[in-house]
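Report on one structure; see the data block that follows.
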Amino acid sequence: MLMLLAPMATFAQKFGHVDTDAIVQSLPDYSRAKGEIEAVAKQYENELQASQEEFQRQADDYDKKKSSMNATQQQETEQKLQEMYAKIQQQAQQSQQEFQKAQQEKMQPILNKVRTAIETVAKSGGYVYVMDISAGTVLYINDTISKDITAEVKAQIAKMK
């Protein structure tokens, strides 16, 4: 009987799960990065809002003066407003791209640190698989087979400082 159970013990695999969102949000680096990202977002928002307000001011001014303009002046002013609108749209798109780039630059070192800590804990603990429960794709975890290693990963990150 012992001979039959011995192979099963050698094939026993350890599974773990971790909540990376909880880990990331608990880090001081995250709080600092989040503040910097929010500041960048606010800056882009303010710049875009100023451009939109200027556009609206010029459009309102055109509406007031339109009746006193000749056809050429109306056409030139409308063309200017269309160009201004297109420029605002381009500015919004560029701001969004720059914001995403800044967000990635601020968050990537934090995510790399968490990934390294997860790998270290998984290797030292002999885990075959570690699933991220914050990803939202895990529907069920059997806690008797899979161990929550979130606290261990947090401890590993604290050692890395």
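Summary of values
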| item | result |
| --- | --- |
| Taking the chain and dividing mean pair separation by its residue count, relative contact order in percent (alpha carbons under 8 Å, at least six apart) | 52 percent |
| Accessible area of T144 in the full protein assembly, 1.4 Å probe (Å², nearest 10) | 120 Å² |
| Summed side-chain charge close to S51 - residues other than S51 whose Cβ falls under 12 Å, Lys, Arg +1, Asp, Glu -1 | -2 |
| Heavy-atom accessible area per residue - segment 59-154, 1.4 Å, Å² | 73 Å² |
| Global geometry of segment 107-161, whether rounded, prolate or oblate, following the gyration tensor of its Cα atoms and the 1.5 cut on a/c | oblate |
| Backbone N under 20 Å from the E36 label point (7 Å along Cα→Cβ), restricted to segment 68-103 | 95-103 |
| Reported label for calculated P(r) over Cα pairs in 10 Å bins from 0, in percent given [x] 10, 39, 35, 13, 2; [y] 10, 42, 40, 8, 0; [z] 9, 23, 18, 15, 12, 10, 7, 4, 1, 1, 0 | [z] |
| Gaussian network model of the chain, Cα within-10 Å springs - most flexible of M131, M84, M69 | M69 |
| Under 13 Å, Cβ to Cβ, from Y30 - net charge with Lys/Arg +1 and Asp/Glu -1 | +1 |
| Ellipticity estimate at 222 nm from DSSP helix runs (n ≥ 4, -39,500 (n - 2.57)) divided over the chain, nearest 500 | -26500 deg cm²/dmol |
| In order through segment 15-20: 3J(HN,Hα) via Karplus (6.51 cos²θ - 1.76 cosθ + 1.60), integer Hz, x for Gly, Pro | 10, x, 9, 8, 9, 5 |
| Modelled FRET efficiency - R0 45 Å, Y129 with Y85, Cβ distances, 0.05 increments | 0.30 |
| Dimensions (Å) - segment 13-61, Cα atoms, principal axes, largest first | 72, 22, 10 |
| Portion, in percent, of the accessible area of segment 16-115 that falls on carbon or sulfur, probe 1.4 Å | 45 percent |
| Gain upon complete extension [T144, Q108; 0.36 nm per residue less C-alpha separation] | 9.6 nm |
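The values are calculated or read from the model by the stated rules, or taken from the named source; none is laboratory data. All values reported here derive from a predicted model rather than from experimental measurement. Reconstructed Cβ throughout: ideal geometry from the backbone, glycine too, with neighbour counts over all protein chains shown. For accessibility, only protein heavy atoms count, side chains too; no ligands or nucleic acids. Shrake-Rupley method; radii C 1.70, N 1.55, O 1.52, S 1.80 Å.
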